[in-house]
Amino acid sequence: MVRKKSQSKRMSCSKRFKITKRAAEKHRKDRKDAKKNPRTKRTKKDPGIPNNWPFKEELLNQIEEEKIKEAESKERNKRLCQRLQKKIAAAEAKAQEADTEN
């Protein structure tokens with residue numbers, strides 16, 4: 001059997017430009033609809049603390065301390081989980097040794 005030749009990908013310029021124009025129209029329409037009906041809620045940016053706020057430095061220090069405490073508690077929890085995992089692994093290994101001996 002003789003193979004058929006593949007069809008050429010040539011097309012007229014008007015057809016090519018029409019396709020790109022329609023694609024641009026579609027994208028524009030989609031963006032417009034997304035603005036009108038937002039599906040996902042956008043989180044608002046934190047405006048920060050204004051310079052004329054009374055006791056600004058104290059508030060900033062308090063926020064920094066809270067961040068440090070939170071980081072320390074995360075680290076503590078991480079260490080606890082690691083210890084528990086080691087204990088569990090040791091117990092499983094001990095159980096396997098007991099099974100193989102019997």
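The values are calculated or read from the model by the stated rules, or taken from the named source; none is laboratory data. Fair warning: this is a prediction, and the values are worked out from it, not measured in the lab. We place every Cβ from the backbone using ideal geometry, glycine too, and count neighbours over all the protein chains shown. Accessible surface is based on the protein model in full, side chains and every heavy atom, while ligands, DNA and RNA are left aside. Shrake-Rupley method; radii C 1.70, N 1.55, O 1.52, S 1.80 Å.
Accessible area of the chain with a 1.4 Å probe: how many percent of it is carbon plus sulfur? The value for the chain is 52 percent carbon and sulfur by accessible area. A simple spin-label model places the labels of residue 20 and residue 65 6.2 nm from each other, with each point 7 Å out along Cα-to-Cβ. In the context of the full protein assembly, residue 19 retains an accessible surface of approximately 90 Å², using a probe radius of 1.4 Å and ignoring ligands and nucleic acids. Taking all protein chains into account, the per residue accessible area for the chain stands at 113 Å² (1.4 Å probe).
In terms of its alpha-carbon gyration tensor, the range 1-51 comes out prolate; a/c meets the 1.5 threshold, and the first ratio a/b outweighs b/c.
Per-residue ellipticity at 222 nm computed for the chain from its helices equals -25000 deg cm²/dmol, with DSSP H segments shorter than 4 residues left out and the rest contributing -39,500 (n - 2.57). Listed values for the range 75-92 are Karplus-derived 3J(HN,Hα) couplings in whole Hz (6.51 cos²θ - 1.76 cosθ + 1.60, θ = phi - 60°), namely 4, 4, 4, 5, 4, 4, 4, 5, 4, 4, 5, 5, 4, 5, 5, 5, 5, 5, and x replaces Gly and Pro.
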